[in-house]
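This report concerns only the one structure given below.
Throughout, read-outs are computed from the coordinates displayed, never taken from laboratory work. All values derive from a computational prediction rather than experimental measurement. Please note: Cβ atoms are built from the backbone with ideal geometry, for glycine as well, and neighbour counts cover all protein chains shown.
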Amino acid sequence: MSALSAMFTLFFLSCSCILPILAASIGPELGGGIGGGIAGLIILILDIIAIVDVLKSPRDILPKLLWILLILFFPIGGLIIWCLCGRKTTGIV
């Protein structure tokens, strides 16, 4: 893993940990409550798995960055789009 890739990984993982805390501090009256319970936890775990999958893919840095941003800004939609369009799988013979 190159230094640039490691830096992006650290940055995005820290953002994914800090953003829910900031959203909770805004307050539920502004739509910033964490909520979600088990479903939110499952989506978070699946998003982390998708981000790791993106980082391990044989793409250049810019496409990886764009996929990770899509997954972070649209957790459910980005995950679905990544699974349907972004993953490069090999055919089973």
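Can you tell me the length gained on complete extension of the stretch Leu62 to Phe74, counting 0.36 nm per residue apart and subtracting the Cα distance?
2.5 nm
Using a Förster distance of 22 angstrom, determine the FRET efficiency expected from the C-beta separation of Cys85 and Ile48, and round it to 0.05.
In this case the efficiency is close to 0.70.
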